[in-house]
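Colleague: The structure follows.
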Amino acid sequence: MDKQLNIADILEYAAQYNTDAEIVTRQVEGGIHRYGYRDALDRSKQLANALTKLGVVEGDRIGTLAWNTYRHFEIYYAVSGMGAVTHTINPRLFAEQIVYIVNHADDQVIFVDLTFVPLLEAVKDQIKGVKAFVIMTDAAHMPQCNLPNVICYEDLIAQESKDYTWPEFDEKTAAGLCYTSGTTGNPKGVMYSHRSTILHALSSCRSSALDLGPMSRVLPVVPMFHVCAWGIPYAAPIAGASIVFPGAGMDGASLYELIDDEKATSLLGVPTVWLGLLNYIDSINGHLDTVDSVVIGGSAAPRSMMEKFSEKYGVFPIHAWGMTEMSPMGSLCAMTPYLDSADKEVRMKIQAKQGRAVFGVEMRIVDDNDQPLPNDGKTFGKLMVRGPWIASGYYKNDDRSAFRDGWFDTGDVSTIDPLGYMQIVDRSKDVIKSGGEWISSIELENYAVGHDDVVEACVVGIAHPKWDERPLLLVIKKDGASCTKEDIIAYLSDKVAKWWIPDDVVFVDSLPHTATGKLLKTEVRAQYENHYLNE
Ligand code: AMP
């Protein structure tokens, strides 16, 4: 049958069959909220009715500036299910970027968590196209604010009917919009369809991917404002899993409490979040007894982090790679019989890679003329991908340079080994070109953070009179640590080739990051551009 896929069908299904699953939220207002998929469906339908009355029609973009909570989850389903587009806005963007994307997306309504109301108040005069601001709270917690046309979320839906018939439309209809912020230029919009979102969710919940099922209690620390929390709000209800939403509590102590109280089994997040969690657990002699797996992605997972998860806390680390343009799932390192029986050194080497493509994603590496390169695990090339949940262009943007011959150029440089394991070497603009050879800044950073005194490391290629570029290592030391430049270099010397060793190590108090938590290397390079030239 030619039945079209609609995101709302996921919640209809979960409400009917996944009746003992829970959605638990650490509320922005304080306290824990819990309910099931049936309640979420009812309230999504109330919201769809309310939005219809507000004049929202198919195709309208509806913004959200919000944490991972049950209300945000309801918006995902109500907005997309009625044929409008859920546009998640990253509150960590600069104010001028937020203004740009709200206007570029032409958001009609914006849903906002209490935390982010001041952010919108500061720019309200520059986003005049927004017809209403819905504050995601109840009447008792409504703040004083100077936004125009303010509505309280609970008041908005309170009187609405729980009956709503989801409209039928083409599955290629837009359902979600997320802007990706590069290091230069304006953010670029990536539009997800009902079809792409559901196919992505079906593929990612399987046991050879995120391994979600009715016994899972999945805690997505990755934000719903950045690539839909890696699709968990769609994958979990399909799998029958319970979801534990951390709200605004992303620090180690808050996460630990939630994991422990709610018996979370699967965690997903970026390395910096796990660093905070692991430091906290170490400091209180805690445990992760309920947790089976932790997905580490968004940036390379350092080996030291994976060792700690698996050896000290008995948690299987799943190293995953993807990007906004890929919904985001591209590849991951799932458990296999080979990995299970391999000795530690072999297993760690494989798990340090970004893994094998999930079903639905094709990958290849190519040279500068887009000619395929061998999958020998050694040859570096531009990583190209294609598949049904990969973007074919940017929203209202003519730049098609990354879309060539039916493939998308990820901007990453990687190797692929004969078993299909892909390893990111670098972003193509971050790879260090020294004397005609390439050095991976990521690999150097991963080794550097393995040193006991190092909290965070950043390696950039800096212009050098003889070698074109040479690596420079910037390090944030742990409080009270006394290591020297020579100690760090000695530590690296048996881990990488001699010519990869950074020519200098600079100790810094902080490092610049993008809105999605990635090192802002353009800024670091600009600051140190003459470092080796002045020697
Ligand atoms: P974003 O679109 O903001 O999610 O960023 C996507 C980019 O993050 C990718 O193109 C990679 O450069 C980087 N990235 C994501 N996951 C990993 C990973 N596991 N290891 C290294 N880099 C990663």
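The values are calculated or read from the model by the stated rules, or taken from the named source; none is laboratory data. Just so it is clear, the structure is predicted and the values come from calculations on it, not from any experiment. FYI the Cβ positions are ideal-geometry reconstructions off the backbone, even for glycines, and counts take in every protein chain you see. Heavy atoms of the whole protein, side chains included, go into the accessibility calculation; ligands, DNA and RNA do not. Shrake-Rupley method; radii C 1.70, N 1.55, O 1.52, S 1.80 Å.
Colleague: Note the angle between two axes, namely the Cα long axis of helix 95-105 and the longest principal axis of the Cα atoms of the chain, as a number of degrees from 0 to 90, rounded to the nearest 10.
Modeller: Long axis of 95-105 versus the principal axis of the chain: about 60 degrees.
Colleague: I'd like the distance separating the alpha-carbon centroids of region 386-462 and region 207-283, in whole Å.
Modeller: First find each Cα centre; the distance between them is then 25 Å.
Colleague: Summing -39500 (n - 2.57) over the DSSP H runs of n ≥ 4 in the chain and dividing by its residue number, what mean residue ellipticity at 222 nm do you reach, to the nearest 500 deg cm²/dmol?
Modeller: Working: 17 runs with 153 residues, N = 535.
Theoretical 222 nm ellipticity from helices: -8000 deg cm²/dmol.
Colleague: Largest first and to the nearest Å, give the Cα extent of the chain along each principal axis.
Modeller: 70, 52, 47
Colleague: In addition: Cα gyration tensor of region 4-125, axes a ≥ b ≥ c as square roots of the eigenvalues: rounded (a/c below 1.5), prolate (a/b > b/c) or oblate?
Modeller: Numbers: a/c = 2.38, a/b = 1.39, b/c = 1.71.
Cα axes put region 4-125 in the oblate bin.
Colleague: List the trypsin sites (Lys or Arg not before Pro) within region 382-463 that DSSP assigns to loop and that have no more than 11 neighbouring Cβ atoms inside 10 Å. Let's see the in-between values first.
Modeller: Values: sites: Lys382, Arg386, Lys396, Arg400, Arg404, Arg427, Lys429, Lys433; in loops: Lys396, Arg400, Lys429.
Answer in residue order: Lys396, Arg400.
Colleague: If you don't mind, another one. Can you tell which of Gly213, Ser310, Tyr13 lies farthest toward the positive end of the dipole of the chain, using +1 and -1 charges on the Cβ of basic and acidic side chains (Lys, Arg; Asp, Glu)?
Modeller: Towards the positive end, the residue furthest out is Tyr13.
Colleague: Express the carbon and sulfur contribution to the solvent-accessible surface of region 35-125 as a percent, rounded to the nearest whole number, probe 1.4 angstrom. Don't skip to the answer; put the middle values down first.
Modeller: Numbers: 1290 of 2490 Å².
Ligands and nucleic acids excluded, carbon and sulfur give 52 percent.
Colleague: Need the full-extension length gain, Ser428 to Lys312, defined as separation in residues times 0.36 nm minus the C-alpha distance. One decimal, nm.
Modeller: Details: separation 116, 0.36 × 116 = 41.76 nm, distance 3.47 nm.
Answer, rounded to one decimal: 38.3 nm.
Colleague: Can you tell me the accessible area per residue over region 472-535, all protein chains present, probe 1.4 angstrom, in square angstrom?
Modeller: Working: 3580 Å² over 64 residues.
For region 472-535, the solvent-accessible area averages 56 Å² per residue.
Colleague: Could you check how many percent of all C-alpha pairs in region 351-483 are farther apart than 22 Å?
Modeller: That fraction is 48 percent.
Colleague: Also: Under a 1.4 Å probe, what is the accessible area of region 267-428 per residue, stated in Å²? Intermediate results must be reported in sequence, preceding the final value.
Modeller: On the way: 6710 Å² over 162 residues.
Value returned for region 267-428: 41 Å² of accessible area per residue.
Colleague: Over the alpha-carbon set of region 432-528, divide Rg by the Kirkwood Rh and report the Rg/Rh ratio to two decimals.
Modeller: Numbers: Rg = 12.9 Å, Rh = 13.6 Å.
Over the Cα atoms of region 432-528, Rg/Rh equals 0.95.
Colleague: Where nothing but the Cβ of Lys and Arg (+1) and of Asp and Glu (-1) is charged, how large is the charge dipole of region 267-428 around its Cα centre, in debye to the nearest 20? Each step should come with its number before you reach the end.
Modeller: Working: 16 positive and 21 negative charges, 19 e Å.
Around 80 debye, computed over region 267-428.
Colleague: Then there is this: Would you mind calculating the gained length between Thr484 and Thr52 on full extension (0.36 nm times residue separation, minus the Cα-Cα distance), in nm to one decimal?
Modeller: Numbers: separation 432, 0.36 × 432 = 155.52 nm, distance 6.29 nm.
Taking 0.36 nm per residue and subtracting the Cα distance, the gain is 149.2 nm.
Colleague: Within a Cβ distance under 13 Å of Cys483, other residues only, what is the Lys/Arg minus Asp/Glu net charge? Don't skip to the end; give the middle numbers.
Modeller: Numbers: positive: Lys477, Lys478, Lys485; negative: Asp452, Asp453, Asp479, Glu486, Asp487.
Computed value for this residue: -2.
Colleague: Over its Cα atoms, what ratio of radius of gyration to 2.2 N^0.38 Å does region 7-250 give? The partial results should precede the final answer.
Modeller: Details: Rg = 16.7 Å, N = 244, 2.2 N^0.38 = 17.8 Å.
Against the empirical 2.2 N^0.38 Å value, I get 0.94 for region 7-250.
Colleague: To continue, here is another question. Round to the nearest 10 and give me the degree value, 0 to 90, for the angle of helix 37-53's Cα axis relative to the longest principal axis of the chain.
Modeller: 70
Colleague: Which is the longest stretch in the chain that no exposed loop site breaks, taking sites as chymotrypsin sites (Phe, Trp or Tyr not before Pro) with a DSSP loop state and at most 16 other Cβ atoms within 10 Å? Spell out each step's value before the answer.
Modeller: Working: sites that count: Phe94, Phe169, Phe359, Tyr528.
Longest site-free region, per DSSP loop and neighbour criteria: 170-358.
Colleague: Residues in region 199-232 near a label at Thr290, defined as backbone nitrogen under 11 Å from the 7 Å Cα→Cβ point?
Modeller: Residues 217-219 fall inside that zone.
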